[in-house]
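Let me begin by presenting the structure, written as structure tokens, before commenting on it.
The values are calculated or read from the model by the stated rules, or taken from the named source; none is laboratory data. Everything numeric here is computed off the predicted structure, so don't read it as measured data. Every residue, glycine as well, gets a Cβ built from its backbone with ideal geometry; the counts of neighbours run over all protein chains shown.
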Amino acid sequence: MNSDQKELIKATVPILRSSGEDLTNYFYARMFKHHPELQNMFNMGNQANGRQKSALANAVLAYAENIDNPSVLLGVLKGIGTKHRSLNIQPEQYKIVGTHLIASIGEVVGEAATPEILEAWTVAFYQLAQIMIDLEKQLYNENEAKPGSWNGWRKFVIKKIVEESTEIKSFYLYPEDGKEIADFHPGQFISVQVFVEELNLLQPRQYSLSSAFNPEYYRISVKRENGIAPNPSGMVSNTLHSKSEGDVISISSPAGIFHLEKDSENPLVLISGGVGFTPMLSMLETNLNALQNKKTVWIHGCRNESVHAFKSQISNLKQEVKWLETFTFYDSVDNLENSSEQILQGRVDLHKCKEAILLDEAKFYICGPELFIRSQYESLLNLNVKTENIFYEEFGPQLINLN
């Protein structure tokens with residue numbers, strides 16, 4: 001890409017800031033019209049609620065703003081590439097995306113999209129595509145080399161379903177072929193693929209593994225998402241909740257860059273909102289099984305006791321070990337006096353826990369909805385926690401970039 005083309009890309013930044021979502025919305029509609037089979041690979045729930053178009057608009061804008069030095073985006077690109085590997089994205093699909101993205105720029109922007117600008121964006125896109133293809137090739141190769149691992153989809157049997165709360169079920173997934181399964185880092189996820197009758201489509205979703213590694217099975221704990229306008233009900237979560245023991249689903253091998261560092265001895269502060277506890281539970285169980293038993297502070301917030309999954313397990317563990325401290329926040333509390341646990345009313349407030357969490361060299365992990373992550377991240381900065389010690393996982397398309 002030459003300097004003149006880079007300047008043309010930067011000249012489109014104001015348009016991307018003002019009309020980026022219009023462009024990406026048009027792009028998805030155009031691409032799915034010409035390639036309806038790709039709907040089996042995309043989260044159509046995020047298409048419906050607009051999160052996917054927002055995420056893509058943010059990504060395109062970030063690339064344009066950093067066109068002189070796209071290497072600053074490598075951290076973000078690695079996260080995207082890891083998810084692509086779990087979804088079995090292939091190089092030829094980048095050509096499809098490129099064709100419809102460039103055409104969409106021309107059709108949405110109109111006369112302002114000169115042949116020179118379209119050529120610059122063509123070069124820019126395929127430069128980025130090659131970065132992603134090379135990155136994902138490395139990820140596929142590394143994954144294939146792991147014992148028990150696989151690329152693409154593999155059938156697993158749901159051998160056990162456990163109701164953890166009024167809206168969360170755990171699914172114990174065993175390989176149908178009975179062969180070895182891959183180890184994973186606590187905090188990572190798997191992609192699940194199920195057929196959704198309402199859409200007449202296969203649909204993939206990512207779910208964090210909610211236990212320490214067990215060589216016989218994977219466990220995920222899934223919240224049934226009930227629709228609240230403007231968001232529709234969770235099509236995949238409801239499909240999973242309708243499954244029975246013995247049913248078979250397809251999953252990818254574990255992936256994800258949000259996880260504990262191997263052999264790290266730093267104290268842990270695990271901060272979760274709602275079903276964001278799932279990767280934290282994997283971290284907690286892994287620490288329980290480790291020799292060092294790192295000092296751990298568990299901070300969780302949810303609406304009330306009825307939706308609080310794994311409440312008794314965490315409570316029992318706290319009584320058994322000395323290295324765990326817990327803080328639970330409920331939006332509403334029916335009876336504080338009779339609770340056997342210390343329950344704090346209201347949203348998670350880290351300032352109420354600051355004496356416990358400000359540990360030397362502690363690593364802070366946050367998982368939950370977008371606004372929850374932003375709030376807790378800001379609180380940690382106000383408590384003078386260094387950004388390099390804060391890690392977060394946003395469920396769904398990445399809309400925030402705080403580090």
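A few comments on the model shown:
- Among the residues listed as SER211, SER149, SER165, the single one being among the hydroxyl-bearing types (Ser, Thr, Tyr) and more than 20 Å from GLU285 (Cβ to Cβ): SER149
- Verdict on THR278 being hydroxyl-bearing (Ser, Thr, Tyr), within 19 Å of LEU260 (Cα to Cα), assigned by TED's automatic domain parsing to the domain that holds ILE366 and in contact with a Pro (Cβ under 8 Å, 6 or more places away or on another chain): no
- Picking from residues in segment 225-267 that are modelled with pLDDT under 80 and in a loop (DSSP other than H, G, I, E, B), the one that is surrounded by the fewest Cβ atoms within 10 Å (Cβ to Cβ) is ALA229.
- So PHE125, is it surrounded by 13 or more Cβ atoms within 10 Å (Cβ to Cβ), in contact with a strand residue (DSSP E or B) (Cβ under 9 Å, 6 or more places away or on another chain) and more than 13 Å from LYS78 (Cα to Cα): no
- Considering only residues in segment 290-316 that are at pLDDT 90 or above and closer than 16 Å to LEU268 by Cα, the one that is surrounded by the most Cβ atoms within 10 Å (Cβ to Cβ) turns out to be ILE299.
- Verdict on SER221 being buried (at least 17 other Cβ atoms within 10 Å of the Cβ), in contact with a Gly (Cβ under 9 Å, 6 or more places away or on another chain) and either at pLDDT 95 or above or not in a loop (DSSP other than H, G, I, E, B) (or both): no
- Subset of segment 56-75 [surrounded by fewer than 18 Cβ atoms within 10 Å (Cβ to Cβ) and under 18 Å from the mean Cα position of the chain (by Cα)]: LEU74, GLY75
- Unique residue being surrounded by fewer than 19 Cβ atoms within 10 Å (Cβ to Cβ) and either in contact (Cβ under 8 Å) with a residue 40 or more places away in the chain or under 30 Å from LYS243 (Cα atoms) (or both) when the list is ALA113, ALA103: ALA103
- Residues that are over 18 Å from ILE314 (Cβ atoms) and without any contact (Cβ under 8 Å) to a residue 12 or more places away in the chain, drawn from segment 161-192: GLY178
- Test: residue in segment 164-179 that is surrounded by 18 or more Cβ atoms within 10 Å (Cβ to Cβ), closer than 15 Å to LYS243 by Cβ, assigned by TED's automatic domain parsing to the domain that holds ALA212 and aliphatic (A, V, I, L, M): yes
- One residue from LEU61, LEU56, LEU73 being without any contact (Cβ under 8 Å) to a residue 12 or more places away in the chain and in the same structural domain as TYR26 (by TED's automatic domain parsing): LEU73
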